[in-house]
Each structure stands twice: as structure tokens, then as C-alpha cells.
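> Sharing a structure, written as C-alpha cells. Questions coming.
The values are calculated or read from the model by the stated rules, or taken from the named source; none is laboratory data. What you are looking at is a predicted structure, and each value in this text was computed from that prediction instead of being measured. Quick reminder, even Gly has a Cβ in these numbers, built from the backbone with ideal geometry, and neighbours come from all protein chains shown. With ligands, DNA and RNA removed, areas are computed over all heavy atoms of the protein, side chains included. Shrake-Rupley method; radii C 1.70, N 1.55, O 1.52, S 1.80 Å.
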Amino acid sequence: MKGSGVWTFPPLCMAVLGCLAWVHPIHAVKKPGSRKSVVGRQPHLIFIMVDDQGYNDVGYHGSVIHTPVVDRLAEKGVKLENYYVQPICSPSRSQLMTGRYQIHTGLQHSIIRPRQPLCLPPDAPTLAERLRQAGYSTHMVGKWHLGFCRPSCLPTGRGFQTFLGSLTGSGDHFTFHNCDGLETCGFDLHDGERPAWELSGNYSTLLYAQRVKQILRAHDRKRPLFLYLALQAVHTPLQAPDRFLRQYSSLSNRPRRHYAAMVSCVDEAVGDVVQALRDRGLYRNSVLVYSSDNGGQPLSGGCNWPLRGGKGTYWEGGVRAVGFVHSPLLKRKGVVSKALIHISDWYPTLLSLAGVPGKDLRHLDGHDVPGEANPRTLRAGFGIWDTAVRASIRAGDWKLLTGNVGDGDWVPPQTQPGAPAGWDALEKRRDQRWKSVWLFNITADPYERRDLSKSRPQVVKVLLARLAEYNQTAVPALNPPDDPLADPQLHGGVWTPWLGRREGGAQHGRSEGMRGKRRGRMKNCKVCKLRALFKKVRTRLQRAAAFF
């Protein structure tokens, strides 16, 4: 982060403004204590996060992928058709957990890498911590990806009473083996704070659904429940059980076939969770939120058509997510909401439903809504904003983008013979070369095909000023270098916390012998660092030799 307070990579959050006038659809849920409420208690809160699901990867958006369970739940709930998230994993998850934009938590650098000594700031109470204080049982199943360098960074250190899942951002869906680069690999499936070696071989989506059912069977129905199910699917690697792959044998595009099978497995898992809620008598007093963490990745089978761009970009295909709310407590069902919703809004909204007083929800970016400047790009920003900075802002009908916001292609579904007539010549981006600012009326042009930055300079100026205002509140980005001591080979082959462990404390390994060896290794940090460095150099030399 430069002295001027302007960061050059990655993005300012997708700031959603004008929110005081929004009518949040979830506010139609009957409040705790209402005589019309099913049991007159705090509602059970179920949040299902799907990884990398694209806009065109759900049945009710016209996809060829079969999602009958999700379609029925959305049809009987509130579909969120102006719902925004961040374009990549960690930022979206951090905003869900804290209700704060990443520019206010120092996590605007990108994702949290496995070897990076970084996690959610301890001074930002998580949604799980706040709900636990409000009397909720809190459980997490699935992908964390919010840092794990210290035990206090783990889900069980940030408010969740139980946790089964992965700590890193991806990994094999059957073996739970994950590599950060070619030279640093390890096992990443944890039950609480221990590696769950015995569960290797299960498919992640089905395993996580099974654990949710166990949690629901053991839950005391008199106590409110917060369940965060963060599925690793449909993130790469593209893997699915054979019975789901057979459903899409007619698809000739292999990545799309495997991706579709993974989505169908997610759909089945969601159905199992809802049925388990019914079986335990919890469903009638539950609120279920379904959300993708970012747009789909077209190179990995995902599809955001007809939206522009994909995962990692600030085009609509990267930041407008699949999302809906389903609950028997909703006063109005079967609603399509066009209200502006941002992922940071869930934090205060769910806490409000849990009965947490509004005065305790201040200093948040979410809303419970009943460097050195480049002269050329600074001129493009009317002297208000350096448009080389990667940023995006949505205010009412308008959306402004600046900087290198990512690949702006439109990618039609791989299973269709071609794009609709008249759009064929537009599928490759034509407005990104030498440009650093775009303006779209998203309400009239949701597919971002008509740039209005030249014809509406006053709107551009207003939005640039709002970006500059947000930038003044940003804190420095936390982006420490990777730590060689995080190498799983120093910890029994497991991705696990490597800082802040007391000598003789609980360690993560397969045997007492391994634990003793690791403790000895950890005492001599210089040797550890040298070993990791030599290993990296050797791997790179081998790669270079293979190339030549």
C-alpha cells in the first residue's frame, strides 16, 4: 500500500451504496417473540455457501444443469436478483463473517494463501461469536479459507463450537490433499482441531451433508441454531461421484460435464439438509440463506451467461451471485427481489433476526435495512480518482468500474451451439483496450454492453468522489510473505496452525513419534527455513531441467 493511501492490487470492495432506502426481503420474516412466530423463539439460521457457482449454473436461471431442490426452495422463498458478493473467495467470506468491507479489515490484498501468517483480525467479532453470545449453538461444516496460522484463527477459535472441513482454499474432493505450489502439499480435513485422516476417501459434498445431519440429530430443539455449511464444491478440481456424472453423459464438454455433476450433487445435499431440518422439527422456525461466494470460472466449467466476465473480475459475472432466502416464517413467498443486497448485509441482518439490539451493530459496512497517482489515469478520473486503481461501485442504477477489472468477455454456455442472434460479434471484449473507466446503467443494461462513461461525465464524477470517500477510510493491506514454517511436511503432512502453539501442547499428527519429531524441528527455526528454501530451489531446478 503506497503512502498516498491508494492500493494498486487487488480491489476496493464492491461498495453498494444508497442502502438506507433498501427494503431487505428478509425483514418480512416474523421477529422473535411475535405471536405469529411458530415457537416464539429466535429462529434457526442456516447459511449455505457454494463455491464458484455461476449465474447460469442454477435451474431457475435457465441452466441445463438440474437443480430441482434449489429451484423449489427459491420458488417458495425470495430470489435475490440484485445480490452482490466479492469476485474471489476470502474477501466474500470475510465480509459474511464480519459485516465489514475488506478495506476495513486489511484483507484487500487477495485470498489468504495457505502459507501466509494471516487471518481475520481478532478485533472484528465474527457472526458466529455474536450469535453464540446471543444464545445460539454454532456449527461450521466445510471450507474456511479465512486463515489458520494460529489456533485462535481456526473456526473453533472464532465462535464455532464444532467444525468439520478444510482450512485452505481448495483441494482434492476425495483425498483432501492440497498443494500450494508444486513443492508444498499436505492433508486438509479437520474435525475440530485435529486432522480427520479416517474420513479420507469420502466425497466432500456428501461428507459435509452427512455431518450436518449428525449435528441436527444431536441438537437441542429448545436452543436456537446457527449452521454455516460452506461447501467446497463446485471449486476445482472438477470431481464428482460416478452416479452424478452419468446424469450428464450427453455433454461433450468435459469440464462442463464434471462441473454440472458437482452442482447436482450440491442440490442433493441441500435437499438432505432441508429434510433433516424437517425430521428434527426445526424447519418451521428456520431461515435458510443460499449464496455463491463469487461468479463461476468459465475456464473450469462454470457459466455466467448472459452476464459479462467471471470469477476474479468486477464485471457482473464475477460479482453478481446466485442467492435466495427460504423460510416458513416469510410473510411473502414466491417473490423475486430486485433490491440491492450485498454479502456484508447478512451479518447485521441475521443478528437482527436473532434479537441482537441495533445499538450493538454499529461500525459495520453491511446494513440491516428494514500509491502514487498516474497523471494520465488521474486525468481520466477528473483529478478525483486515479482510475488505474482496480475498483467498482454500484449506486442505484449506476455501476462504475476503474482499473484492470478483469477479463470482460461474455461466455455463452458451452452446451449451446452458439449465442443468440445479433450478439455473436459482441462476445469478445471490445472496450477494454487503453481504457481505465467504464459506466453502465445496470438496471437498463444488466449485461454491461453499453459504456456510458463518455456521455454521462457528471455521473462518473459523482461515483468517483464516492470511491475517493471510501478510500479515505481504508486501512493498510495485510499481506505478509509466505512463511516456510507453514510447510505441512514440518507438521506430519497436515495443513495446520504453525504459530503460537505452546511447547508440549496438542499437536496435529498421526502418532506421538511424529509429534515429537515435529517439536524438535520447530525448535530450530533457522534449519526449518533453510530446508524449505532448498526444497523450493530443487523443485524449480527440476522444472527448468524438464523444460529444456
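> For Ile384 paired with Asn253, estimate the spin-label separation in nm (one decimal), with each label point 7 Å from Cα along the Cα-to-Cβ line.
Result for the modelled spin labels: 3.9 nm.
> What list of ³J(HN,Hα) couplings, whole Hz, do you get for the stretch 290-306 from phi and the Karplus terms 6.51, -1.76, 1.60, once you set θ to phi - 60° and write x for glycine and proline?
So the J values, rounded to whole Hz, are 10, 8, 8, 7, 6, x, x, 9, x, 5, 10, x, x, 8, 10, 3, x.
> So what J values fall out for the stretch 138-152 if you push phi through Karplus, 6.51 cos²θ - 1.76 cosθ + 1.60 with θ = phi - 60°, rounded to Hz, Gly and Pro as x?
10, 9, 10, 9, x, 8, 8, 6, 10, x, 8, 4, 10, x, 5
> Is the shape of the stretch 257-397 best called rounded, prolate or oblate, per the rule: a/c under 1.5 gives rounded, else a/b larger than b/c gives prolate, else oblate, with a ≥ b ≥ c the square roots of the Cα gyration tensor eigenvalues? Don't jump to the answer; show the numbers that get you there.
Working: a/c = 2.87, a/b = 1.44, b/c = 1.99.
Note, shape of the stretch 257-397 comes out oblate.
> Between the stretch 455-505 and the stretch 269-340, what is the separation of their alpha carbon centroids in Å?
Using only Cα atoms to place each centre, the spacing works out to 26 Å.
> Figure the gain on full extension for Arg150 and Trp197 (residue separation times 0.36 nm, minus the Cα-Cα span) and round it to one decimal in nm.
Numbers: separation 47, 0.36 × 47 = 16.92 nm, distance 2.08 nm.
Contour length minus the Cα-Cα distance gives 14.8 nm.
> Quick one: pull the percentage of alpha-carbon pairs in the stretch 191-278 with a separation above 14 Å. Provide the component values of the computation, followed by the final result.
Values: 2622 of 3828 pairs.
When every Cα pair of the stretch 191-278 is considered, 68 percent fall beyond 14 Å.
> Separate question: Which entries in the list Lys333/Lys428; Lys79/Lys213; Lys213/Lys338; Lys222/Lys338; Lys333/Lys461 go over 31 Å, if you measure between the two C-alpha atoms of each? If you can, show how the numbers build up before the last one.
Numbers: Lys333/Lys428 39 Å; Lys79/Lys213 26 Å; Lys213/Lys338 33 Å; Lys222/Lys338 35 Å; Lys333/Lys461 40 Å.
Distance filter (> 31 Å) returns Lys333/Lys428; Lys213/Lys338; Lys222/Lys338; Lys333/Lys461.
> With a point put 7 Å past each Cα toward its Cβ, work out how far Lys461 is from Arg72 in nm, to one decimal.
5.6
> Also, I was wondering about something else. Looking at the stretch 73-178, which chymotrypsin sites (Phe, Trp or Tyr not before Pro) are DSSP coil and have at most 16 other C-beta atoms within 10 Å of their C-beta?
Details: sites: Tyr83, Tyr84, Tyr101, Tyr136, Trp144, Phe148, Phe160, Phe163, Phe174, Phe176; in loops: Tyr101, Tyr136, Trp144, Phe148, Phe160, Phe174, Phe176.
Those that pass, being in a loop and sparsely packed, are Phe174.
> Using heavy-atom solvent-accessible surface (probe 1.4 Å) with all chains present, what is the largest-first order of Lys79, Lys435?
Numbers: Lys79 25, Lys435 60 Å².
Of Lys79, Lys435, the descending order of accessible area is Lys435, Lys79.
> Turning to a different aspect of this structure: The stretch 203-239 to the stretch 104-156: how many Å between their Cα centroids?
18
> Amide H to amide H, which residues 5 or more places from His44 or on other chains are under 5 Å from it, using H placed in the peptide plane?
Those lying under 5 Å, H to H, from His44 are Leu225, Ser286, Val287.
> Shape verdict for the stretch 68-180, please, from the Cα gyration tensor: rounded (a/c under 1.5), prolate (a/b greater than b/c) or oblate.
On the way: a/c = 1.37, a/b = 1.25, b/c = 1.10.
In terms of gyration-tensor shape, rounded.
> Which cross-chain or sequence-distant (5 or more) residues have an amide H under 5 Å from the amide H of Gly323, H modelled 1.01 Å from N in plane?
Leu80
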